[in-house]
Amino acid sequence: MTAFDADQQIVVGIDPLDPSVPTLAWAADEAERRNVPLRLVLAVPPGHDTQHVDATPQRLSLQAQGREALAAASETVFRLTPGAHVVTELVDGPPAVVLCRRTTGPTRLIVVGSRRLGRAAEILSTRSVAAPLSAQAHCPVVVVRSPEHTAQESARLVVGVDGSDSSREAVRFAFEEAELRHASVHAVWVWPRPLIEPAGESGRETRTRLLAETVAEHSVRHPGVNATQEVRRGHPVEELALVSSAALALVVGRRGYGGYTGMRLGSVVHGLLHRAECPVITVPR
């Protein structure tokens, strides 16, 4: 193997309460594919009452648990990918904040698992990482809620398109990732049926044309990637979750035209973090 690219890295958020082998496997495969180091980061959250008499012993206990979790995660990575280059980092601070700070500079991707929290908990709970990280990270965020479907005869990535700048970034990333994986890309535009169909070119025709133009632009840059496209009617979350059920991953832009929560995470993206049956990759604009 050639020397690792020290100017790049993939970061993995380690959860000591829920070590996720699928998350580590996804990140290890991606690091090997890109030939970059893997940085495992575990953040020890602050206590609710730092003046409590048990604060220091509790802190030391949490840090010890964190070191054990990092060691176990490293062993898992080496078992999955013996040639991996792994760096571990134990940091004090809120996990979402700590991980978000690691999304600049050399970090090409950040990978986390999903605790499958409810919608309210994802927004309000201090345990939440996937949603706030997907909303604020400076690099693409991979949330591994379920393993990727590698047993399919034809490996493909699904990318959601809605005409926004962020979705165009998602298409760009999907083609680059597909080229690395020798996979195909399936671009999908979902929109609700309008109450009144405008005169002239229909909504479906307009979207079909715009989708074809977007796909064609990236097909020229990545001639080895087979690409298909589809315009569907229905709810974007439901339709994208359905069409990506057998995909390697679902790629979406962070800021679309579908509205957003108080965290500025698109409502479609937020819904897909709960509904998709494959890893979800959120790409910032």
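Could you put Asp18, Asp7, Asp29 in order, starting from the residue whose Cβ has the fewest other Cβ atoms within 10 Å? The most exposed by this proxy come first: Asp7, Asp18, Asp29.
The gain in end-to-end length when the Thr104 to Ala212 segment is fully stretched comes to 35.6 nm, 0.36 nm per residue minus the alpha carbon separation. Ordering Leu70, Leu180, Leu133 by the number of other Cβ atoms within 10 Å of each residue's own Cβ, fewest first, gives Leu180, Leu70, Leu133.
3J(HN,Hα) along segment 101-109: 5, 8, 9, 10, x, x, 6, 8, 8 Hz, from the Karplus curve 6.51 cos²θ - 1.76 cosθ + 1.60 with θ = phi - 60°, whole Hz, x for Gly and Pro.
Read-outs throughout are calculated quantities, based only on the coordinates presented, and are distinct from any laboratory measurement. Bear in mind that the values here come from a model prediction, so they are computed numbers and not experimental data. Don't worry about glycine lacking a Cβ; one is built from the backbone with ideal geometry, like all the others, and counts go over all protein chains shown.
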